[in-house]
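Visitor: Supplied in structure tokens, the structure appears directly below.
Nothing in this text is a laboratory measurement; each read-out follows from the coordinates by a stated rule. Predicted model only: the values in this text are computed from it and were never measured. We place every Cβ from the backbone using ideal geometry, glycine too, and count neighbours over all the protein chains shown.
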Amino acid sequence: MDVEKICGLINREFQFEPGVTADTPLLSSGLVDSLRFAELVMLVEGSFAVTLELADLGYDNFDTPRQMASTALDASR
């Protein structure tokens, strides 16, 4: 999964200023709250045609775009 594509999707959808980078913490920083988190998961799943497991969605593996890309890549296998 392409980290830059995820950053672009997040920046377009959520319009954070300044834009997010590969290592921007989204959950632990509070940028993404629980409602927006659901949107974010659906965005990643839809964009990469994957289904993410609930157990894979947390601060330890879905906090930054880089972690999201890795988690989505694992889900696609």
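Visitor: Would you point out the residue of segment 46-77, among those that are charged (D, E, K, R) and within 15 Å of residue 28 (Cα to Cα), that is surrounded by the fewest Cβ atoms within 10 Å (Cβ to Cβ)?
Guide: 60
Visitor: Inside segment 37-53, can you point out the residues that are more than 17 Å from residue 7 (Cβ to Cβ), of a type in the set (A, V, I, L, M, F, W, C) and in contact with an Asp or Glu (Cβ under 8 Å, 6 or more places away or on another chain)?
Guide: 52
Visitor: Also, quick follow-up: Does segment 29-66 hold any residues that are β-branched (Val, Ile, Thr) and touching a residue at least 40 places away in the same chain (Cβ under 8 Å), and which are they?
Guide: 64
Visitor: What is the residue count in segment 3-27 for residues that are touching a residue at least 12 places away in the same chain (Cβ under 8 Å) and either surrounded by 13 or more Cβ atoms within 10 Å (Cβ to Cβ) or under 15 Å from residue 40 (Cβ atoms) (or both)?
Guide: Counting residues in segment 3-27 that are touching a residue at least 12 places away in the same chain (Cβ under 8 Å) and either surrounded by 13 or more Cβ atoms within 10 Å (Cβ to Cβ) or under 15 Å from residue 40 (Cβ atoms) (or both) gives 17.
Visitor: Please enumerate the residues belonging to segment 6-29 that are under 14 Å from residue 64 (Cβ atoms), part of a loop (DSSP other than H, G, I, E, B) and out of contact with any Lys or Arg (no Cβ under 7 Å at 6 or more places or on another chain).
Guide: Correct list: 16, 19, 20, 21, 24, 25, 26, 27, 28, 29.
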